[in-house]
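Can you read through this structure? Questions will come right after.
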Amino acid sequence: MNPGFPEYVGGLDLGILEECIIAEELGAACTGIATALGANMLASAPLIVVDNHEINKEFLAPMMEEVQFASYCVTEPNAGSDVAGVQTTAKKTGDEYIINGNKQWITAAKYAKWFYVLAQTDSSQGHKGLSAFVVPADTPGVTVNKKEDMMGQRASSTHSVTFKDVKIPAKYLLGAEGDGFKISMKAFDRTRPGVAAGAVGIIKACRDYSIKYSMERTSFGVPIAMHEAVSFMVAEMAMDHEAAQLLTWKSAWMIDKGERNTKFASFAKAFAADAAMKSSTNAVQVYGGYGYSKEYPVEKLMRDAKIYQIYEGTSQIQRLIISKEIFLRSS
Amino acid sequence: MVIDFELNETQKELQKLASDFARKEILPQAELHDKESKFPLEIAQKAFV
């Protein structure tokens, strides 16, 4: 856990590429469990981006001494893709901020020691009025609500979180007021490759289960792998695995070199997510009726795959980012 | 500059370590955690050391 934490908090300071290598292998076994184990990666990314040593020593260092969790709280009941629509507010009074609002679909919230929270400090400014905070989970006024009953990645424990007159010291502001959007976007550049890698893990699992099953199961007197209708689906999974992995690794390699990787992280995230959905649908197809049964492993892959097209920026938002990068940044 | 698609030795070791852990500690528990929507605290404990 926490492979990317900096050395000054006791971390290994591994690269995003190394995180991707780990995320793919864990994801191939269960992306629900892998997402739970990776929750800290998401929550800590903004802290690592801002690199405030005082804050990082206070919140990240203890996570290298014992198992602790943290959650990334950006999404709200009425603001998902539209981050600028965040309605949670943070009002400064003296040397404190008072936070009020609701956050939705928060991974590992029940187990979190602290939350990364995006809130409006000046709602007249749209996304430029957003600020980023670290909020200790035991602060009075923080309530973690009941666990959501999700379709897939059910091990990751998803909750909504309510902040009611939550007072935190002003020093828990990350960067300056108004930096929240920029910090969150920079954090995405670091986290999207790792999320894509989880989807790559799903494609790998689909490929491997489908190869094994199609060589064992027979129809019309031969293993079903002998039928091109089946083997072509497997061929496509192998092709998608390779392509998704290369895109993912390239986007990680770029950020590890200090290059701006925004477009490539979106390439990787969207491609891997869509390919994971397609591969898992086809894995169920290869297994036929057994694929639709909970007695076999592939229906879970299909349920787990779907969330990759939704969280950490939907597949549509990734295309929006790519379009903006092409037409507005001419990169 | 040469393009090199090969992982280095450290990365290969890390990949094997993660793969072994996934096969031994995660895969056998996946169905239970899915069915019961159970958070993997025990697995996190094992992943920590």
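The values are calculated or read from the model by the stated rules, or taken from the named source; none is laboratory data. What you are looking at is a predicted structure, and each value in this text was computed from that prediction instead of being measured. FYI the Cβ positions are ideal-geometry reconstructions off the backbone, even for glycines, and counts take in every protein chain you see. Quick note on the areas: whole protein, heavy atoms, side chains included, nothing else; ligands and nucleic acids left out. Shrake-Rupley method; radii C 1.70, N 1.55, O 1.52, S 1.80 Å.
If you go through region A:25-53, how many residues are hydrophobic (A, V, I, L, M, F, W, C), within 10 Å of chain B (Cβ to nearest Cβ) and open to solvent by 10 Å² or more (accessible area, probe 1.4 Å)?
5
Inside region A:79-118, can you point out the residues that are β-branched (V, I, T) and more than 14 Å from chain B (Cβ to nearest Cβ)?
A:V83, A:V86, A:T88, A:T89, A:T93, A:I98, A:I99, A:V117
Residues to consider are A:K92, A:K57; find the one that is surrounded by fewer than 24 Cβ atoms within 10 Å (Cβ to Cβ), farther than 30 Å from A:V298 by Cβ and out of contact with any Asp or Glu (no Cβ under 9 Å at 6 or more places or on another chain).
Selected residue: A:K57, the only one of A:K92, A:K57 that is surrounded by fewer than 24 Cβ atoms within 10 Å (Cβ to Cβ), farther than 30 Å from A:V298 by Cβ and out of contact with any Asp or Glu (no Cβ under 9 Å at 6 or more places or on another chain).
Something else about it: For region A:60-71, give me each residue that is touching a residue at least 60 places away in the same chain (Cβ under 8 Å) and open to solvent by 20 Å² or more (accessible area, probe 1.4 Å).
Result: A:M64, A:V67.
Also: Please state which of the following conditions A:N78 fails to meet, knowing it meets all the rest: (1) in contact with a helix residue (DSSP H, G or I) (Cβ under 8 Å, 6 or more places away or on another chain); (2) modelled with pLDDT of 95 or more; (3) of a type outside the set (A, V, I, L, M); (4) open to solvent by 10 Å² or more (accessible area, probe 1.4 Å).
(2)
Would you mind stating whether A:T107 is open to solvent by 10 Å² or more (accessible area, probe 1.4 Å) and at pLDDT 95 or above?
yes
If a residue counts only when it is under 30 Å from B:L32 (Cβ atoms), which helices (runs of 4 or more DSSP H) contained entirely in region A:4-75 have at least 2 such residues? Give the derivation first.
Details: elements: A:16-29, A:31-37, A:39-50, A:53-59.
Where helices (runs of 4 or more DSSP H) fall fully within region A:4-75 and carry at least 2 residues being under 30 Å from B:L32 (Cβ atoms), they are A:16-29, A:31-37, A:39-50.
Of all residues in region A:282-301, which are in contact (Cβ under 8 Å) with a residue 60 or more places away in the chain, within 13 Å of another protein chain (Cβ to nearest Cβ) and within 21 Å of A:S231 (Cα to Cα)?
Selection gives A:P297, A:V298, A:L301.
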